[in-house]
Amino acid sequence: MSASQQPASTNRLAQESSPYLLQHAHNPVDWYSWGEEALNRAQAEQKPILVSIGYAACHWCHVMERESFEDTGVAAIMNEHFVCIKVDREERPDVDQVYMEALQAMGVQGGWPLNVFLNPEAKPFYGGTYFSPGNWKQLLTSIGKAYQSEDRKQLDASAEQFAQALQASELEKYRIPAATQGFSEEEFKLLVYNLAAKFDRELGGMNRSPKFPMPSIWRFLLRTYQLSGSRRVLAQINLTLREMAWGGLYDQVGGGFARYSTDANWLVPHFEKMLYDNGQLVSLYAEAYQVTHDELYREVVYDTISFLERELTSPEGGFFSSLDADSEGEEGKFYVFTREELREILDDEEPLAAEYYNCTALGNWEHGRNILHRRAYNNDFAEAHQLTPRW
């Protein structure tokens, strides 16, 4: 840690109960939690507000903290020009939703960390997600200077426009429809058609990266198949569920799914695991097994439940909300293996396991490590290697 990155004693966040906010309690940034104290100060001093939103298991939130929020030089710029507010999206999903919608209204793809700049009336005028240290300092300085000049009028005008757009969006969201009979058959077909236009028909999921599991979509399509008998819909469901379960998105050793895949192949995840994702995915794979009787889905359900019981259940019987992406300061360290590590663990069985999980000496991840993934059903792999499966 450089001299400019020595941690401060504590800031206001030391009084909070949120694990995420407590992670930032030693930052030299003069953080506030979301509340009247910060908003009143912004209005009294006519300072713009920086709202930075994240969650405890977020890898890039940790990266931005190390690079920028722990740096005393960067913190000095933030403290001079802004009222700085830290928000835990798991504690305040209402605040997160408002400013995520604002970011998307600006034409920026959402994600975390979510950093949004507001005028003193808490109306957003600019935002983004992760910023490198150089870009972050430049942005802070530019906005800080602009707000102390004639350019403030333009920023306030932008904030007013975004506020009006968000207000209209909220009104539309809660508008009661004239008809309450549900979808007509034609509307239902159009909905399925619009979803199908976005299918990745080679790798499953929706045709983009990063790829999120989005279990609600596939549960909806399971019901569509039950109603329509469409083999194309079922084929896309099976493709998606198989590729997710075979890929690095799924923890091949310990069970459970990471939050999303950074690539189109479901191979490279951000390794944080969320309770709400895995709860929904257990339901999805259980329902898919009821329809297809595919043993892969049954395996995923039982292994994911075992993971939830083992690692996300507290001694008191409640549930933890997430597991961090970082282990011992490295992203995904506990989930990736070198060939040598596999040899130490498996001894004579290592060559077969390496083939099963597609591990090589070069690796498919950083520093010669491998993200374990599969490319064949168990029965097919056993037959190809003249093995007798135990299942």
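The values are calculated or read from the model by the stated rules, or taken from the named source; none is laboratory data. Predicted, not measured: the structure shown is a model, and the values here were computed from it. FYI the Cβ positions are ideal-geometry reconstructions off the backbone, even for glycines, and counts take in every protein chain you see. Ligands, DNA and RNA are stripped out before the accessible areas are found, and what is left, the full protein with its side chains, is counted by its heavy atoms. Shrake-Rupley method; radii C 1.70, N 1.55, O 1.52, S 1.80 Å.
Summary table below
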item	result
Degrees separating the helix 231-246 axis from the principal Cα axis of the chain, which is the longest one	80
Where only alpha carbons of the chain are counted, the Rg and the Dmax (Å)	24.1, 77
Cysteines in the chain lacking a second Cys C-beta under 4.7 Å	84, 359
With 10 Å bins from 0: P(r) over region 218-340, alpha-carbon pairs, percent	13, 41, 32, 12, 2, 0
Three-way shape call for region 56-154 based on the alpha-carbon gyration tensor, with the a/c threshold at 1.5	oblate
FRET efficiency, residue 207 to residue 41 (Cβ-Cβ, R0 56 Å, nearest 0.05)	0.75
Degrees between helix 185-196 axis and first principal axis of the chain (Cα, 0 to 90, nearest 10)	90
Region 223-356, dipole about Cα centre (Lys/Arg Cβ +1, Asp/Glu Cβ -1), debye to the nearest 20	1060
Accessible solvent surface per residue of region 175-325, calculated while the other protein chains remain in place, 1.4 angstrom probe, Å²	52
Of 123/153; 123/198; 47/137, those spanning more than 22 Å from alpha-carbon to alpha-carbon	123/198
Packing rank of 315-324, 283-292, where each peptide gets the mean count of other beta carbons within 10 Å, highest leading	283-292, 315-324
Point-to-point label distance, residue 14-residue 63, nm (Cα→Cβ direction, 7 Å offset)	3.0
Tilt relative to the chain, helix 295-311 - C-alpha long axis, 0 to 90 degrees, to 10	50
Normalised contact order of the chain, rounded percent, pairs of Cα under 8 Å and 6 or more residues apart	11
Cα-Cα separations in region 121-161 greater than 11 Å, expressed as whole percent	67
Three semi-axes of the equivalent ellipsoid, region 304-391, Cα gyration tensor, whole Å, largest first	28, 20, 11
Ordering of 153-161, 246-254 by burial proxy (mean other Cβ atoms within 10 Å per residue, highest first)	246-254, 153-161
10 Å-binned pair-distance histogram of region 229-270 (Cα, whole percent)	31, 44, 21, 4
Listed residue pairs exceeding 25 Å between alpha carbons, taken from 211/333; 86/145; 273/333	none
Gyration tensor over alpha-carbon atoms, region 1-87, equivalent ellipsoid semi-axes in Å	20, 16, 11
